[in-house]
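Report on the structure given below.
Just so it is clear, none of the values below were taken in a lab; they were calculated from the coordinates. Only a predicted model underlies this, so the values are computations on that prediction, with no experimental measurement involved.
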Amino acid sequence: AMRAPTPVSSLVHSSTLVAAGVWFFLRYGCWSSFWVDLWLVFFCFLTIIITALSAVVFMDLKKIVALSTCNNISWCIVFFICGDLCLALLQLVTHGLCKCYLFMSVGDLMSQSGSS
């Protein structure tokens, strides 16, 4: 995880770095073959399962927020590969908006509790 003030972290994680990877995939990912798509869906579902189970185990809020990002981006890729571009873009936009609010809430909670 990066060490930066909460507004900077939310900007970098929700819109700049994470969305850039998804936009790249949405732009160039449609040229892949059936087997590549099958493996991508398999690894995305594996990522979804691992991040969901890990989020239950970890107690660190920053790790849980990072795991939710991995989970949401994996869903975006699965939706796109399955042919639902609108749902993939909706997931990406709502993820970015909710992640900004989540970063602010976690930052406020951590500053009130005195933890880092």
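Computed quantities for the displayed model
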{"quantity": "Contour minus Cα-Cα distance for VAL57 and THR94 (0.36 nm per residue)", "calculated": "10.8 nm"}
{"quantity": "Potential extension, VAL41-ARG27 segment - 0.36 nm per residue separation minus Cα distance", "calculated": "3.3 nm"}
{"quantity": "Mean Cα-pair separation over length for region 58-116, i.e. relative contact order, pairs under 8 Å, 6 or more apart, %", "calculated": "31 percent"}
